[in-house]
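Participant: I have a structure I would like to understand better, so I am pasting it below and will then ask my questions one at a time.
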Amino acid sequence: MSSLRPHVDPEELGFDSHRLSRIDDFFNDFVDQRKLSGWLATVSRGGQLAYVGKGGHADRELDRPVQDDTIWRIYSMTKPITTIAAMMLHEEGKFDLNDSAGKWIEALREPRVYTGGAPANPTTVAATEPVRIWHLMSHMAGLTYGFTYGHNVDAIYRLKGYEFGWPKDATLEQAVNDWCTSPLLFNPGEAWNYSVATDVLGYLVELWSGMSLGQFFQERILGPLKMYDTSFFAPEEKHERVAQLYVPVNGEAFPYPKMGQGAYREGSLESGGGGLVSTAHDYNRFLTMLLNGGELDGVRLVSPRTISLMTENFLPGNQDLTAVARDSFSETEMSGMGFGLGFAVLMDRARNATGAAEGLFTWGGAASTTFWVDPVEDLTVTFFTQLLPSSTYPVRRHLQQVVYQALID
């Protein structure tokens, strides 16, 4: 089992230990009220663990407590890993960020934009701009998710069998074709909408590398970073470590095992947008690599300049998500937040009303997990639980409050 034990006193890293303990108080209260089954949080500075807290159960009904090596469905926290994979190939010259995705995906060679009509018979016009690779990385391609229920385009996805998942036995190639033959929400680059774009990017990683997405992850990222418990499913010998999935029912977390079954078996589709399971230890190694500018323990995945580029704001006019998002779901608060390549980026701390430093980059997962990297404060923070949907409670914002109030140097 990979240890999460801090090896230095929090005070040596600029924290007040008593103030850090407020994290435990806050989240254990959620457990006591049965709003969460269990939780685990980590705070690191300069790549050194300052705090590890956990409480409650990985599976309350089976009386399995949260452990350091509990395996969590990280859902959309898969996206930054997929985007790093693509940027590794970008550094090898496999593509230009301004390239049209239509060079490799026939269904995107002549994209069309929805203008009206019923989902079964939409009217469209030709897009004024190609879907570029950076549009996919920044969710500005005009794609969507079937589960959002906000537009007739997501209804088209549902008609094709894509709501919270995909049709039985669908391949990634088939899914990409189904999404990309649907009309776009808007002309690429005009707006922001959370979407399957990172799954499309994962398919391109397969084409550019000649490997399956899972093979590329294991050989080029997870293996080199020693993220041995991160994969598209947990093998049978690790099943007892996988946390149960929960949903809110009458104010309490209620087990929902049906939706979480993908964590236990190999599927037909490796989702670069939301398919991985992982541990706190593993994801902390990934974040430390990001904080270090693309390198960890002598293993370099990308250059510091690539990380710098990925954490710039790519939204038009340097606006925030509030101004640019099209009634979209998001895994982060939108005020004062821009979006780069695979990450939301804090642009205006006053508008966001946060103690965090501008330049922080972050994302989260559907089961209320989250992470952030704050290069100014040299911080990485993770939070794991298993409650769908992530909008149930503002746990991410509260975590940010209690982390920064504990930083006293």
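None of the figures in this text is laboratory data; all of them are computed from the coordinates on show. What you see is a predicted model; the values in this text were computed from it and never measured. Note: ideal-geometry Cβ built from the backbone for every residue, glycine included; neighbour counts use all protein chains shown.
Participant: State, to one decimal in nm, how far the label point of Ser21 lies from the label point of Ser303, with both points 7 Å from Cα in the Cβ direction.
Facilitator: According to this spin-label approximation, the distance is 4.8 nm.
Participant: To continue, here is another question. Of the listed peptides 271-277, 229-235, 295-301, what is their order by residue-averaged count of other C-beta atoms within 10 Å, with the highest listed first?
Facilitator: 271-277, 229-235, 295-301
Participant: Choose one answer from Leu207, Leu49, Leu290: the residue with the largest mean-square fluctuation in a GNM of the chain with alpha-carbon springs under 10 Å.
Facilitator: Of Leu207, Leu49, Leu290, the Gaussian network model singles out Leu207 as fluctuating most.
Participant: At q = 0.10, 0.12, 0.22 Å⁻¹, what base-10 log of I(q)/I(0) does the Debye formula yield for region 84-209 when every alpha carbon is treated as an equal point scatterer in vacuo?
Facilitator: -0.28, -0.40, -1.34
Participant: Further, regarding this structure: How high is the relative contact order of the chain, in percent, counting Cα pairs under 8 Å that sit 6 or more residues apart? Don't skip to the end; give the middle numbers.
Facilitator: On the way: 883 pairs, mean separation 87.4, N = 409.
That works out to 21 percent.
Participant: Take the Cβ-Cβ distance between Thr181 and Asp63 as r, set R0 to 35 Å, and report the resulting FRET efficiency rounded to the nearest 0.05.
Facilitator: Details: r = 48 Å, r/R0 = 1.38.
Result of the calculation: an efficiency of 0.15.
Participant: At 25 °C and 0.890 mPa s, grab the translational diffusion coefficient of the chain from Stokes-Einstein with a Kirkwood Rh over Cα pairs, rounded to a whole number in µm² per second.
Facilitator: The calculation lands on 114 µm²/s.
Participant: Which of the listed residues, Gly116, Leu222, Val381, is farthest toward the dipole's positive end in the chain, when Lys, Arg count +1 and Asp, Glu count -1 at the beta-carbon?
Facilitator: Farthest towards the positive end: Gly116.
Participant: To continue, here is another question. Taking the dipole about the Cα centre of the chain, with the C-beta of Lys and Arg at +1 and of Asp and Glu at -1, give me whichever of Thr392, Phe186, Ile23 is farthest to the positive side.
Facilitator: Projecting each Cα onto the dipole axis, the largest value belongs to Phe186.
Participant: Normalised by the residues of region 288-364, what does the relative contact order come to in percent, with Cα pairs under 8 Å and at least six apart? Walk me through the numbers on the way to the answer.
Facilitator: Values: 124 pairs, mean separation 17.6, N = 77.
For region 288-364, the relative contact order is 23 percent.
Participant: Subtracting the Cα-Cα distance from 0.36 nm times the residue separation, let me have the gained length for Lys94 to Gln215 in nm, one decimal.
Facilitator: Working: separation 121, 0.36 × 121 = 43.56 nm, distance 1.78 nm.
Length difference between fully extended and current span is 41.8 nm.
Participant: How big is region 234-287 along each principal axis, measuring the range of its Cα positions in Å and listing the largest first?
Facilitator: For region 234-287, the Cα spread along each principal axis is 36, 28, 25 Å.
Participant: Could you list the square roots of 5 times each eigenvalue of the Cα gyration tensor of region 1-114, that is, the equivalent ellipsoid semi-axes, sorted largest first and rounded to whole Å? All intermediate terms of the calculation are to be shown ahead of the outcome.
Facilitator: Details: eigenvalues 326, 93, 36 Å².
Computed over region 1-114, the values are 40, 22, 13 Å.
Participant: With all pairs of different alpha carbon atoms counted, what Kirkwood hydrodynamic radius in Å does region 1-40 show? Before the final figure, lay out each step's value.
Facilitator: Working: mean 1/r = 0.0839 Å⁻¹.
Taking every pair of different Cα atoms in region 1-40, averaging 1/r and inverting gives 11.9 Å.
Participant: Ok, one more. Please state the relative contact order of region 84-209 as a whole percent: Cα pairs under 8 Å, 6+ residues apart? Numbers along the way, then the final one.
Facilitator: On the way: 211 pairs, mean separation 40.4, N = 126.
Contact order relative to length: 32 percent.
Participant: Could I ask something else about it? Which of Thr148, Thr369, Thr332 ends up with the largest GNM mean-square fluctuation for the chain, with Cα atoms connected below 10 Å?
Facilitator: Thr148
Participant: What is the sum of charges around Phe361, taking Lys and Arg as +1, Asp and Glu as -1, for the other residues whose C-beta is under 11 Å from the C-beta of Phe361? Provide the component values of the computation, followed by the final result.
Facilitator: Details: positive: none; negative: Glu312, Glu358, Asp374.
Counting the neighbours of Phe361, the net charge comes to -3.
Participant: In addition: Based on alpha-carbon atoms only, what is the radius of gyration of region 217-261 relative to the globular estimate 2.2 N^0.38 Å?
Facilitator: Numbers: Rg = 14.6 Å, N = 45, 2.2 N^0.38 = 9.3 Å.
So region 217-261 has a normalised radius of gyration of 1.56.
Participant: Another question, then. Within region 172-213, which residues have the backbone N less than 12 Å from the label spot 7 Å out from Glu106 along Cα→beta-carbon, could you tell me?
Facilitator: 177
Participant: Still on this structure, I have one more. Classify region 134-286: rounded, prolate or oblate, from the alpha-carbon gyration tensor (a ≥ b ≥ c, eigenvalue square roots; a/c under 1.5 rounded; otherwise prolate if a/b is larger than b/c)? The partial results should precede the final answer.
Facilitator: Values: a/c = 1.81, a/b = 1.23, b/c = 1.47.
Oblate, because a/c is 1.5 or more while a/b does not exceed b/c.
Participant: Of Asp16, Asp199, Asp59, which has the largest mean-square fluctuation in a 10 Å C-alpha GNM of the chain?
Facilitator: Evaluated over the chain, the most mobile residue of the options is Asp16.
Participant: I would also like to ask the following. About its Cα centre, what dipole magnitude does region 189-260 give when the only charges are +1 on Lys and Arg Cβ and -1 on Asp and Glu Cβ, stated in debye to the nearest 20? Kindly include the intermediate steps, with their values, before the conclusion.
Facilitator: Numbers: 5 positive and 9 negative charges, 22 e Å.
Charge dipole of region 189-260: 100 debye, to the nearest 20.
Participant: Do the sum for the chain: with -39,500 (n - 2.57) for every DSSP H run of n ≥ 4, divided by all residues, what is the mean residue ellipticity at 222 nm, to the nearest 500 deg cm²/dmol? Could the numbers behind the result be given before it?
Facilitator: Numbers: 13 runs with 105 residues, N = 409.
Estimated from H runs of four or more residues: -7000 deg cm²/dmol.
Participant: What is the log10 of I(q)/I(0) for region 278-381, computed with the Debye formula using one identical point scatterer on each Cα and no solvent, at q = 0.20 Å⁻¹?
Facilitator: Taken in order of the listed q values, log10 I(q)/I(0) reads -1.06.
Participant: Follow-up question, since we're still on this one. Excluding Gln244 itself, what net charge comes from residues whose Cβ is under 12 Å from its Cβ, given Lys and Arg +1 and Asp and Glu -1?
Facilitator: Details: positive: Arg60, Arg64, Arg73, Arg241, Lys258; negative: Asp59, Glu61, Asp63, Glu240.
That works out to +1.
Participant: Where in region 7-64 are there GluC sites (Glu not before Pro) that are in a DSSP coil and have at most 12 other Cβ atoms within 10 angstrom of their Cβ? Write down the numbers at each step before the final one.
Facilitator: Values: sites: Glu11, Glu12, Glu61; in loops: Glu61.
In loop regions of region 7-64 (DSSP not H, G, I, E or B), the sparsely surrounded GluC sites (Glu not before Pro) are Glu61.
Participant: Return one number: the angle in degrees, 0 to 90 and rounded to the nearest 10, between the long axis of the Cα atoms of helix 79-91 and the longest principal axis of the Cα atoms of the chain.
Facilitator: The two axes meet at around 60 degrees.
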